[in-house]
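The values are calculated or read from the model by the stated rules, or taken from the named source; none is laboratory data. Keep in mind that this is a model prediction, so the values were computed, not measured. Glycine gets a Cβ as well: all are built from the backbone with ideal geometry, and neighbour counts include every protein chain shown. Remember, those area values only see protein heavy atoms, side chains included, never the ligands or the DNA or RNA. Shrake-Rupley method; radii C 1.70, N 1.55, O 1.52, S 1.80 Å.
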Amino acid sequence: MALAVVTVYSAIEVVNAYEKRTLTVFGDYRKLLEPGINFVPPFVSKTYSFDMRTQTLDVPQQEAITRDNSPVTADAVVYIKVMDAKKAFLEVDDYKRAVSNLAQTTLRAVIGDMDLDSTLSKRTEINGYIRENLDEPTDEWGVRVESVEVREVNPSSTVQQAMEQQTGAERRRRAMILEAQGERRSAVESAEGEKQSNIIRAQGEKQSQILEAQGDSVSTVLRAKSAESMGERAVIERGMETLQSMGESESTTFVLPQ
């Protein structure tokens with residue numbers, strides 16, 4: 001009875017829904033066990049479990065030298081998924097360790113091909129380069145790299161101090177530029193205001209001269225009209241006097257102006 005129980009226990013293999021297991025009999029690969037209850041040869045078989053869910057691998061912090069000879073440290077996270085458990089079992093010893101080591105060397109190589117500014121600002125490109133370099137070898141292992149995320153890229157302390165000094169100098173330069181621009185704008189606005197004031201003053205003087213000239217012209221016309229009116233009146237009065245003197249004359253012929 002005990003032997004029968006042990007035999008039955010050894011012949012049954014329960015596989016979880018999120019995994020697959022490889023079966024070997026006497027060390028020879030036989031097949032993949034699907035989720036559920038599977039029957040295997042007792043005592044002479046072994047199974048190896050593979051998680052088929054997306055898994056997270058931490059890439060330890062790596063030291064690298066950029067293309068412009070600046071030392072930096074960087075670490076990353078790699079998200080992988082086993083697509084073919086048979087390949088992951090037969091083609092590589094430990095697929096997790098293999099992917100992690102490959103990611104470390106690839107991270108150092110990618111940073112070495114970029115300058116310092118690019119490593120600090122182009123995280124998306126670094127992620128893409130690492131994933132592209134991991135795709136081909138991991139496909140042979142039955143593993144797919146779903147995503148790569150570089151978490152931190154830190155330059156050395158001396159480089160950080162130099163960057164801080166550079167940033168401070170840049171801020172001071174921008175402040176000086178802004179101050180100079182403000183002074184120039186103030187001078188321009190002051191000159192523009194003075195110009196407008198001179199224009200308004202000149203226009204006022206011109207308008208005053210025009211009005212004065214118009215006043216003189218009107219006065220001259222009025223004087224001329226007054227003189228003309230006085231001349232006509234004098235002619236009429238003189239004509240009346242002439243008529244009166246003609247009436248007193250003994251002549252019978254009179255010549256009257258029209």
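Listed values, structure above:
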| item | result |
| --- | --- |
| Accessible area of the stretch 53-155 belonging to carbon and sulfur atoms, whole % at 1.4 Å probe | 41 |
| Inter-label distance, nm, simple model (7 Å from Cα along the C-beta direction), residue 121/residue 86 | 5.0 |
| Difference of contour (0.36 nm per residue) and Cα-Cα distance, residue 219 to residue 29 | 55.6 nm |
| Area accessible to solvent at residue 192, 1.4 Å probe radius, in Å² | 90 |
| Cut-off 11 Å between beta-carbons: net charge of the residues surrounding residue 145, Lys and Arg +1, Asp and Glu -1 | -2 |
| Interchain or long-range residues, amide H under 5 Å from residue 114's placed H | 67 |
| Using θ = phi - 60° and Karplus 6.51 cos²θ - 1.76 cosθ + 1.60, couplings along the stretch 82-91 (whole Hz; Gly, Pro as x) | 6, 9, 9, 5, 5, 5, 4, 8, 8, 9 |
| Residue 23 accessible area, assembled protein chains, probe 1.4 Å, Å² | 10 |
| Extension gain, residue 52 back to residue 171 (0.36 nm per residue minus Cα-Cα distance, nm) | 37.6 nm |
| Percent RCO, i.e. relative contact order, over the stretch 1-50, from Cα pairs under 8 Å lying at least 6 residues apart | 42 |
| FRET efficiency, residue 67 to residue 179 (Cβ-Cβ, R0 35 Å, nearest 0.05) | 0.40 |
| Spherically averaged projected area in nm², based on the convex hull that wraps the Cα atoms of the stretch 53-155 | 5.7 |
| Pairwise label distance in nanometres, residue 205 with residue 3, each label 7 Å out on the Cα-Cβ vector | 13.2 |
| Amide hydrogen neighbours beyond the local backbone of residue 19, cut-off 5 Å, H modeled | 52 |
| Summed side-chain charge close to residue 198 - residues other than residue 198 whose Cβ falls under 14 Å, Lys, Arg +1, Asp, Glu -1 | 0 |
| Residue-count net charge about residue 122 - beta-carbon cut-off 12 Å; Lys, Arg +1, Asp, Glu -1 | -3 |
| Sequence of 170, 136 when ordered by accessible area, the most exposed leading, probe 1.4 angstrom | 136, 170 |
| FRET efficiency, 1/(1 + (r/R0)^6) with R0 25 Å, evaluated for residue 149 and residue 109 via beta carbons | 0.90 |
| Under 27 Å from the Cα of residue 20 - lysines, other chains or at least 8 residues apart | 31, 46, 81, 86, 87, 96 |
